[in-house]
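The values are calculated or read from the model by the stated rules, or taken from the named source; none is laboratory data. Computed from a prediction, not measured in an experiment: that's the story for all the values here. Cβ coordinates were reconstructed from backbone atoms using ideal geometry, including for glycine residues, and neighbour counts include every protein chain displayed. Heavy atoms of the whole protein, side chains included, go into the accessibility calculation; ligands, DNA and RNA do not. Shrake-Rupley method; radii C 1.70, N 1.55, O 1.52, S 1.80 Å.
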Amino acid sequence: MAVTGNAPGDGPRKGPLAGVRVVELAGIGPGPFAAMLLADLGADVVRVDRPGGGGLAVNPAYDVTNRNKRSVLVDLKSADGPARVLELVERADVLIEGFRPGVAERLGVGPAACHARNPKLVYGRMTGWGQDGPLAHTAGHDIAYIAVTGALGMIGSPGEPPAVPANLVGDYAGGSLYLVIGVLAALQHARTPSGTGQVVDAAIVDGTAHLTAMIHGMMAAGGWQDRRGANLLDGGCPFYGTYETSDGRYMAVGALEQQFYDTFVELLGIKDRAPARKDLARWGELREAVAARFKSRTREEWTAVFEGTDACVAPVLSLREAPHHPHLAARATFTDFGGITQPAPAPRFSATPVAVTGGPALPGADTESVARDWDVPGLKGKGA
């Protein structure tokens, strides 16, 4: 199916952030995802793309992290490029950039230049290492950032290398989501009677470290061992983990509380021979009993056994399978737009509903509409 986009600015924006204007200086990874989230919530996000691209090696028509946005082309290295961006900044509430520290300043669109034109602007900076510190100017990716925070070291089986959780923990959880939280908090401050704009320094290392707060508390209390696969929530516990089925697929078990565990072992068929769950010395024996039972049936058969119960057991689905899960389908957790199956906006709002209203913004496709709607005539014909 052909993928087509439409400009979300063609009609009135909806969602709790309707009326908020965001300038996104094009980048890859957590910055675009954060801007997508703001766009999903109703903000008018204008992505400033550079001529010739520079993003991921994927057809822009399929990059759903640019959905619900509009795009203009500006060459920041050209003589009038910074002026075009600053014209947008004058009319914006938020700017998001993901350059290394100092790059935006050298391009003429750093915080000082932007705040001189718009003192109320929230200037969001998305980096891996942050704006200062010994590694601030060093290249890196998600895996390095989560490695030094201790988060990566927690994930995986004992005696094996840490398991890589795609780029979800660092880029998106520790990065994008913390940037959005910071931007919204700063925007609230800027809109108070005495409020001003400010810089939000969102570093993936900071956000990811913050995500481990509960674990650090448990470790201090003696309830968490500082090694993989030895704890309640990291796969060390036999009733909180994954098990292979007879067809080579997997079931996920999270029967932590006693009442849920009782239901689990009964439906699994090991109630009368399962070792006591609190006897840590016999956890290995319990794991073997659970694993043997799961290997006796297919994933589909075990799904039928546990579905609708309080055993806290679910099938492990692939990305292509997930949209067809009955619960996710009933909630429309995924949506089809422009020929692409993709997650629907989240969270949900009772008074200001959100939706996917525009496909991925194609570089430069919305220059005319942005120039008109934001009253920036200098954009027309620029950047190509």
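Laid out as a table, the results:
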read-out	value
Between segment 34-88 and segment 112-152, the alpha-carbon center distance in angstrom	19
Angle in degrees between helix 258-268 and the longest Cα principal axis of the chain, rounded to the nearest 10	70
Degrees between helix 283-294 axis and first principal axis of the chain (Cα, 0 to 90, nearest 10)	80
Cα long-axis angle, helix 81-90 against the chain (0 to 90 degrees, to the nearest 10)	80
Percent antiparallel among DSSP beta bridges (both partners in the chain, rounded to 5)	35
Probe 1.4 Å - accessible area at T149, Å² to nearest ten	30
C-alpha center-to-center spacing [segment 283-328, segment 241-277] in angstrom	9
Residue-averaged [θ]222 nm for the chain, counting only DSSP H segments that reach four residues, each worth -39500 (n - 2.57)	-8500 deg cm²/dmol
Gained length - Q259 relative to V58, 0.36 nm times residue gap less alpha-carbon distance	67.6 nm
Å² of accessible area per residue within the chain, as computed with a 1.4 Å probe and no ligands counted	49
C312, C114, reordered so the largest accessible area comes first (probe 1.4 Å)	C312, C114
Those lysines that a straight Cα-Cα span of less than 19 Å connects to K120, excepting residues fewer than 8 apart in one chain	none
Portion, in percent, of the accessible area of segment 330-377 that falls on carbon or sulfur, probe 1.4 Å	58
Of all accessible heavy-atom area on segment 27-173, the percent that carbon and sulfur account for (1.4 Å)	61
Theoretical FRET efficiency, 1/(1+(r/R0)^6), r = Cβ-Cβ of A355 and D226, R0 45 Å, to 0.05	0.55
Portion, in percent, of the accessible area of segment 245-295 that falls on carbon or sulfur, probe 1.4 Å	49
Proximal lysines to K295, defined as alpha-carbon separation beneath 30 angstrom and excluding residues fewer than eight positions away on the same chain	K271, K278
For segment 239-285, Kirkwood radius (reciprocal of mean inverse C-alpha pair distance, Å)	11.5
Calculated FRET efficiency for the pair I155/I270, C-beta based, R₀ 25 Å, to 0.05	0.35
Candidate values [x] 23.3; [y] 21.0; [z] 21.7, label of the one derived for Kirkwood radius over Cα pairs in Å	[x]
